[in-house]
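Visitor: Structure incoming, see below.
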Amino acid sequence: LLRSGTKVRDGYMMPQEGSFSNGKHEFVFAFRAHRAGELEKAAELGRILNHPSIVLANGKTFDSLWNCNRRNIVLSAIYNDGNKTVLRAYETVGRQCDAVFSGSLAEKNWTETDMNGSIIHKTDPSKISFKPFEIKTFLIS
């Protein structure tokens, strides 16, 4: 678990009170050797370690909010912003691809935005193109 220090007036990096380890932290770390051009192996290890979340309420499962037909597209953030949902995804292996998003969020209105939330254009979640390593942010309402 990493935490950055805070630069103080004398130029030294000192952690703010309360920013250091508070309790026990557990995490999983793995390394997977791969040749150049085999980035899929590293991305696959990430999928193994970061199992998709399962939402439960009163013992019942729900339909997925988000799915993608391309294994090289990863969801990096999803959160509510007022009455809208923000979803951020990126391409992981340096290959251009056309992606299809499905799930309950795909049934809503999608607008592509820049990283600051400024609107670029409305988009169809069943026809989204990613450039190599491109990050895309969507406002869903």
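The values are calculated or read from the model by the stated rules, or taken from the named source; none is laboratory data. Owing to the predicted nature of the structure, the values given are computational and were not obtained by experimental measurement. Every residue, glycine as well, gets a Cβ built from its backbone with ideal geometry; the counts of neighbours run over all protein chains shown. Ligands, DNA and RNA are excluded from the accessible area calculation, which covers all protein heavy atoms including side chains. Shrake-Rupley method; radii C 1.70, N 1.55, O 1.52, S 1.80 Å.
Visitor: Compute the FRET efficiency between Lys84 and Phe29 as 1/(1 + (r/R0)^6), taking r as their Cβ-Cβ distance and R0 = 35 Å, and round to the nearest 0.05.
Guide: It comes out at approximately 0.50.
Visitor: Sorted by accessible area (1.4 Å probe), largest first, how do Val93, Val28 line up?
Guide: Per-residue accessible area, sorted high to low, gives Val28, Val93.
Visitor: What figure, in Å² to the nearest 10, do you get for the accessible area of Tyr90 with a 1.4 Å probe and non-protein molecules left out?
Guide: Rounded to the nearest 10, the figure is 80 Å².
Visitor: Amide H to amide H, which residues 5 or more places from Thr123 or on other chains are under 5 Å from it, using H placed in the peptide plane?
Guide: Trp110, Thr111, Glu112
Visitor: Highest first, please rank the peptides 31-41, 117-127, 103-113 by the mean number of other Cβ atoms sitting within 10 Å of their residues.
Guide: My ranking of the peptides, most packed first, is 103-113, 117-127, 31-41.
Visitor: Compute the accessible area per residue over segment 88-141, keeping the other protein chains in place, probe 1.4 Å, unit Å².
Guide: It amounts to 55 Å² per residue over segment 88-141.
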